[in-house]
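The block underneath contains the structure these notes are about, expressed in structure tokens.
Bear in mind these aren't lab numbers, they're just calculated from the coordinates by the rules spelled out. If you're wondering where the values come from, they're calculated on a predicted model, not measured in any experiment. Please note: Cβ atoms are built from the backbone with ideal geometry, for glycine as well, and neighbour counts cover all protein chains shown.
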């Protein structure tokens with residue numbers, strides 16, 4: 001299978017002298033600790049591999065999935081253009097080297113398939129920070145300050161350096177980046193590169209992804225007594241509250257609201273609503289206290 005699943009709509013280069021940028025999703029791991037194929041783990045109905053491909057496709061000129069020789073017929077991986085490990089090394093660095101050997105003219109945006117919290121902004125920030133005159137551009141880990149090798153850009157100039165690294169018996173891409181001419185940048189979202197290696201980590205990531213999907217931004221306005229007790233007339237907040245009642249209970253934990261929901265009326269998007277109606281991202285909610293006098 002020689003052609004990628006899709007071409008990028010507008011791959012970006014930092015300058016006219018920069019090498020073309022290709023994408024490589026690493027999906028050749030044996031998933032020993034997970035005890036099941038990590039590429040096939042699902043979040044919100046999509047496998048990790050499918051999500052990684054979707055994230056990379058708009059950002060690169062061509063896209064490939066890195067696989068072992070015994071994975072080429074796997075139905076999930078067979079949907080995508082593949083680059084097979086050559087056997088010159090083991091682990092992720094084998095996939096990187098195989099890609100560079102196939103297309104030495106390209107720079108490679110390399111991405112592990114097991115990053116369920118990775119978002120488009122993190123990848124776009126990496127591209128904006130790309131330093132093509134260096135051997136690589138990588139994020140500095142938010143945990144230990146070391147390079148993150150599996151969400152990084154490897155320039156064509158890194159190819160021979162990687163070969164030399166492997167020739168000395170080393171196969172750790174992180175140690176390669178430590179020794180290489182690497183431009184290190186800070187992550188815009190410290191948790192975006194958290195990976196998943198065990199069933200326990202998968203469960204935790206599932207919870208975080210579901211919670212993130214459930215969150216919505218709501219604009220809230222306060223009047224009369226509520227405005228006094230909140231100390232503000234309006235605010236925009238991110239919440240997992242599903243209904244106005246849930247939202248009001250959340251706000252009661254934050255502000256000293258003395259009025260029970262039964263004493264208030266609620267309006268959603270300028271229309272009086274029901275305390276149990278479902279809230280949507282971007283809704284405007286007004287809690288209206290009773291008005292004194294006739």
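Counting other C-beta atoms within 10 Å, which of 139, 248 has the fewest, and how do the rest follow?
Result, fewest neighbours first: 248, 139.
Taking only DSSP H segments of four or more residues, each worth -39500 (n - 2.57), what value at 222 nm results for the chain once the sum is divided by all its residues, to the nearest 500 deg cm²/dmol?
That calculation yields -7500 deg cm²/dmol at 222 nm.
For region 215-288, state the semi-axes of the equivalent ellipsoid (square roots of 5 times the eigenvalues of the alpha-carbon gyration tensor), sorted largest first and rounded to whole angstrom.
For region 215-288, the semi-axes come out at 17, 13, 12 Å.
Relative to the first principal axis of the alpha-carbon coordinates of the chain, what is the inclination of helix 199-214, with its axis defined by its Cα atoms, in degrees from 0 to 90 and to the nearest 10?
Relative to the chain, helix 199-214 is tipped by roughly 50 degrees.
Below 8 Å between Cα atoms, with a sequence gap of 6+, how large is the relative contact order for the chain in percent?
Here the relative contact order equals 15 percent.
Among (1) 1.13; (2) 1.32; (3) 0.96, which is the computed Rg/Rh (Cα atoms, Kirkwood Rh)?
Derived directly from the coordinates: (1).
At 0.692 mPa s and 37 °C, plugging the Kirkwood radius over alpha-carbon pairs of region 51-156 into Stokes-Einstein gives what diffusion coefficient in µm²/s?
Taking Rh from Cα pairs, D becomes 226 µm²/s.
Could you tell me how many degrees, from 0 to 90 and to the nearest 10, lie between the Cα long axis of helix 92-102 and the main elongation axis, the longest principal axis, of the Cα atoms of the chain?
Around 60 degrees separate the two axes.
Given the Cα-Cα distance of residue 164 and residue 258 and 0.36 nm per residue of separation, how much length would full extension add, in nm?
26.9 nm
In the Gaussian network model of the chain, springs joining C-alpha atoms below 10 Å, which of 220, 65, 209 carries the largest mean-square fluctuation?
Its mean-square fluctuation being the largest, the pick is 220.
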